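Here the structure comes first, spelled out in structure tokens, and everything after it is commentary.
The values are calculated or read from the model by the stated rules, or taken from the named source; none is laboratory data. The structure displayed is predicted, hence computed values, not measured ones. We place every Cβ from the backbone using ideal geometry, glycine too, and count neighbours over all the protein chains shown. The protein model used for the area step is the full one, side chains on, heavy atoms only, and it has no ligands, DNA or RNA in it. Shrake-Rupley method; radii C 1.70, N 1.55, O 1.52, S 1.80 Å.
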Amino acid sequence: MRTGKLSAVWRNERLGLMMIAASLAVIMLTVGLLFSYQQKADEAHIREQGVSLARVLSRMPFAQLLPAAGQQGVLSLLQYGQADPAFAYLLIVDPHGTALNEVSSPGVIAPGVPLSANPTSWLGERTLRLSSDGRAVQEFHAPLFDQGQLAGYLRLAYFKPGFGLDADQVPFFATLALPIFLLTPLFYFLVRREIRPLQTVNSQIDQLLEKGNWHRVEVGATGELRDFMDRFNHFIELARNRIDALEADRADLETSAKVLSYQRSRIESVVQSIPDAIMILDESGAVGLANARLATLLGVDPNRVIGQKPNEWCDNPEVVAFLAGCGSASTPGYRSDSVEFSPAEAPEKRIAVSAYPLFSPRDMSQILGNLVVFRDITAEMLARRSSGEFVAHVAHELKSPLNVIAMYSESLQGEDGQSEAFRIEAANVVHDEVERLSMLINNILSITKIEMGSISIERHRVKLRDLLEDTFNAVSRGGRGDDLKFIIDLPREMSPVAVDKDLMRIAINNLLTNAIKYNRPGGTVSLVAQETGGKVRICIRDTGVGIAAEDQERIFQKFFRSEQEEVRAKAGHGLGLSLVREIVHLHHGALSVSSTPGEGSEFTIEFDKETELLKQAV
Amino acid sequence: MRRILIVDDEPHVVRVLKLALERAGYVVDQAGDGKEALDYLQRSEPDVLITDIDMPRMTGRELCTHIDKELPDRLFQIFILTSRAEVEHREWSRVIPNVSFLEKPVSIRNLVARLDEHFAKVPISQA
């Protein structure tokens, strides 16, 4: 657009244009002043000349001024002698104004303007205009006297100097104007030359700013600009180095932030994976951190709980009191540091809460908060309980035979001890009870050892046939003799098997004892062994009271005794079968039972022969 | 004549106690378990009932509860032979009156002494 271009031109070139305009103005002012001075000088010159000439001429005798015919008058001489371009005319007029003699420049007609009769104005000057071309003339007039009488007037006129150039003044003015006019562009270009580097620098700096890429600005410059540029570039370099250093620091910080973040997230994942529920309380008791396990253990959303005090998220008053006491105000170590409770919504669970103060690493006396650990100790509690129960059971079982022995022995000490019959009776009873007691104690020991894992079976190659026979004989001999029939059926040759002799003996013994105990009068106890392929099978059968279907699963539990009358009628502590099962398991065998209440029961032990075991192991 | 009912499923225990108590001058009856005991109590009341706790079908504790329900006006003292005297005593003594505990293994001398002590305080009941 034109206006745009114009304003752009103005913007870019305004210095030059201004300079030109200024120089023009200066020229014009100078010229004007010169002209005006010239004019004034000319005027003064004319006046001087005019007045003095008029005076001189007016003193001359009148006759000389009026030449006789044929003679050159003074006036003509004057005219030619003068050669003044400003001379307009010289006129001699009589007092009435009639011209008597006239000398004038070519083309000039003196205006016939009369002079005033007032003698005071006979000598003076006035400005007149020529009627021919209207030019102004300055007329000097003086009176002329002839023998003391006014003979006329002298009128001498010069052209008034105008405000303008004379032809011969042009070179002067030209000489004056030209340098001025030439110098101006010169200065302008000089200045521009100086400024040009700055413009380059400017545009380069613009680029720098735009691109953000800091580099040296190269510019061909001299003098102060060069110094400036050098300093500028130096500054740029320093800035650049600083920026590079900062960038490097920033990259380092980023990396270390990443590393920290990684470590933190690793620790966080550790915290989240810890199988216990963990919580960190700050000094005021508010939750700072809680891991995900809190939800499964206590049913509390770990995210919701952040920033809350114990009484806000926990229902259990004991726990709240415990956690509230974890504040830094309380002296560490002087109160119980853990508490157990069962959550209301899951009363079968048992949870232990422990609090550990978090000491500031810089100042060991300052506590930053507390680490609270919630641990599910349900299993521990059950184990404790069951072991407690076991011990109670054992003690109870032990006390019963002891009781009988105590009473009999006490009686023996008394009067009853005198009776021979009583003594025999007492001896028998005590003996039986002692046996019962020892068996019980042995069973308990074995079971406990096996459960603790401190029994490792010692397998030896054993002649199974002999073992079974011996055990059977031992038991049947001591049998209660309720007319029981004892049957043993073993293959003539049995391959040796690797079993623990003692444990196997206990197992067979227990089964046989049961078979005898829970039998009917006139019943049968049989022990049958078979070898099939890679397995050995041992069956112990009785014709006794049998086991009710619902009890068949539970008979192998420790201390279990059926509620059945016939069972309860017999003395027993309920450990025999559980021991048999443990022993069979240790031998990697299988124990099974089949029974019909009222008819009898059959217990079967089955295990692999040695070779099979080896094969399996391999 | 002081009558004592012994309730225990262990025949040996019953035998020895009976001998000793009869020697001490008491009349002793026996029951093999709680049901037998209750049947007996329908017919007559002893002066003292001695019972074990662990018995089949009905424990000594259940027996006492039944007695308390069916014979709220009983006069006779109950002695319980237990291997867990402490705990039971604390629980029971609040619930069922006229119950004493004896810890196993029972010393016969001790038992006889306790019985004598008891009867010294109580007037002879009507036959």
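Helix A:2-59: angle to the longest alpha-carbon principal axis of chain A, degrees 0 to 90, nearest 10?
So the inclination is approximately 20 degrees.
Note the angle between two axes, namely the Cα long axis of helix A:223-273 and the longest principal axis of the Cα atoms of chain A, as a number of degrees from 0 to 90, rounded to the nearest 10.
Its long axis makes an angle of about 20 degrees.
Under the rule a/c < 1.5 gives rounded, and otherwise a/b versus b/c splits prolate from oblate, where does the stretch B:3-122 land using the Cα gyration tensor?
rounded
For A:Glu606, tell me the accessible area in Å² from a 1.4 Å probe, rounded to the nearest 10.
Surface open to solvent at A:Glu606 totals about 50 Å².
With a 1.4 Å probe and every protein chain left in place, tell me how much accessible area A:Thr513 has, in Å² to the nearest 10.
Per-residue accessible area (A:Thr513): approximately 40 Å².
Chain pair B, A: how much accessible area is buried, both chains summed, with a 1.4 Å probe, in Å² to 100?
By this definition, chains B and A bury close to 2100 Å².
With all protein chains present, calculate the accessible area of A:Met28 using a 1.4 Å probe and round the result to the nearest 10 Å².
Rounded to the nearest 10, the figure is 140 Å².
Quick one: if the Förster radius is 22 Å, what FRET efficiency do A:Ala99 and A:Glu43 give, using the C-beta to C-beta distance and rounding to 0.05?
Working: r = 26 Å, r/R0 = 1.20.
Once rounded, the FRET efficiency stands at 0.25.
So, for chain B, what is the accessible surface per residue at a probe of 1.4 Å, expressed in square angstrom?
Heavy-atom SASA per residue in chain B reads 52 Å².
On a full-extension model of 0.36 nm per residue, what is the gain between A:Glu458 and A:Ala590, subtracting their alpha-carbon distance, rounded to one decimal in nm?
45.7 nm
Taking 30 Å as R0, compute the FRET efficiency from the Cβ-Cβ separation of B:Ser100 and A:Glu563 and round it to 0.05. Don't jump to the answer; show the numbers that get you there.
Details: r = 29 Å, r/R0 = 0.96.
Calculated transfer efficiency: 0.55.
Taking a cut-off of 25 Å, what percent of all Cα-Cα pairs in the stretch A:330-434 are separated by more than that?
Counting pairs separated by more than 25 Å, the tail of P(r) holds 59 percent.
Please give, to one decimal in nm, the separation of the simple spin-label points placed at A:Ala344 and A:Glu247, each 7 Å out from Cα toward the Cβ.
Label at A:Ala344, label at A:Glu247, 6.3 nm between them.
Multiply the residue separation of A:Asn233 and A:Lys485 by 0.36 nm, subtract the distance between their alpha-carbon atoms, and state the gained length in nm to one decimal.
78.7 nm
When only C-alpha pairs under 8 Å and at least 6 residues apart count, what is the relative contact order of chain B, in percent?
Once normalised by length, the contact order is 21 percent.
Scan chain A and hand back the longest stretch that contains none of the chymotrypsin sites (Phe, Trp or Tyr not before Pro) lying in DSSP loops with at most 10 other Cβ atoms within 10 Å.
A:335-618
Which residues of the stretch A:560-579 end up with at least 40 Å² less accessible area in the presence of all protein chains than when their chain stands alone, using a 1.4 Å probe?
In the stretch A:560-579, residues shielded by partner chains: A:Glu565, A:Arg568.
Give me, ordered by chain and number, the residues 5 or more places off A:Leu358 or on other chains with an amide H under 5 Å from its own placed amide H.
Hits under the 5 Å cutoff: A:Leu368, A:Gly369, A:Asn370, A:Leu371.
If I take R0 = 30 Å and measure r between the Cβ atoms of A:Ser116 and A:Ser36 in this structure, what FRET efficiency does the formula 1/(1 + (r/R0)^6) give, to the nearest 0.05?
After rounding, the FRET efficiency stands at 0.40.
Provide a list, ordered by number, of residues in the stretch B:1-46 showing at least 20 Å² less accessible area with every protein chain present than when their chain is taken on its own, using a 1.4 Å probe.
Buried by 20 Å² or more upon assembly, which counts only protein chains, are B:Glu10, B:His12, B:Val13, B:Arg15, B:Val16, B:Leu19, B:Arg23.
What are the extents of the Cα atoms of the protein assembly as shown along their three principal axes, listed from largest to smallest and rounded to whole Å?
In descending order, the Cα extents are 225, 76, 45 Å.
Could you name the lysines in cross-link range of A:Lys485, using Cα to Cα under 16 Å and dropping any fewer than eight places away on the same chain?
A:Lys517
Would you mind working out the accessible area per residue for chain A, using a 1.4 Å probe, and quoting it in Å²?
58
When the chain is fully extended, how far beyond the present Cα-Cα distance does A:Glu194 get from A:Arg14, taking 0.36 nm per residue of separation?
Net length gain for the segment: 63.2 nm.
I want to make sure I understand the PRE zone here: with the label point 7 angstrom from the Cα of A:His431 toward its beta carbon, which residues in the stretch A:569-585 have backbone N atoms less than 20 Å away?
A:571
Over the protein assembly as shown, with every protein chain in place, what whole percent of the accessible area is carbon and sulfur at 1.4 Å, could you tell me?
Result for the protein assembly as shown: 56 percent of the exposed heavy-atom area is carbon or sulfur.
If one takes the longest principal axis of the Cα atoms in chain A, at what angle in degrees, from 0 to 90 and to the nearest 10, does the Cα axis of helix A:378-413 lie?
For A:378-413 against chain A, the angle is about 20 degrees.
With N residues in the stretch B:27-85, what two-decimal value do you get for its Cα radius of gyration over 2.2 N^0.38 Å?
1.03
In sequence order, what are the phi-derived ³J(HN,Hα) couplings for the stretch A:124-138 according to the Karplus relation 6.51 cos²θ - 1.76 cosθ + 1.60 with θ = phi - 60°, rounded to whole Hz, with x for glycine and proline?
x, 9, 7, 9, 10, 10, 6, 6, 6, 10, x, 5, 8, 10, 9
Run the numbers on the stretch A:362-468 and let me know its relative contact order in percent, using alpha-carbon pairs under 8 Å that are six or more apart.
Contact order relative to length: 21 percent.
Given the pairs A:Lys349/B:Lys104; A:Lys349/A:Lys501; A:Lys535/A:Lys570; A:Lys349/A:Lys558; A:Lys399/A:Lys463; A:Lys558/A:Lys609, which are separated by over 31 angstrom at their Cα positions?
With Cα atoms farther than 31 Å apart: A:Lys349/B:Lys104; A:Lys349/A:Lys501; A:Lys535/A:Lys570; A:Lys399/A:Lys463.
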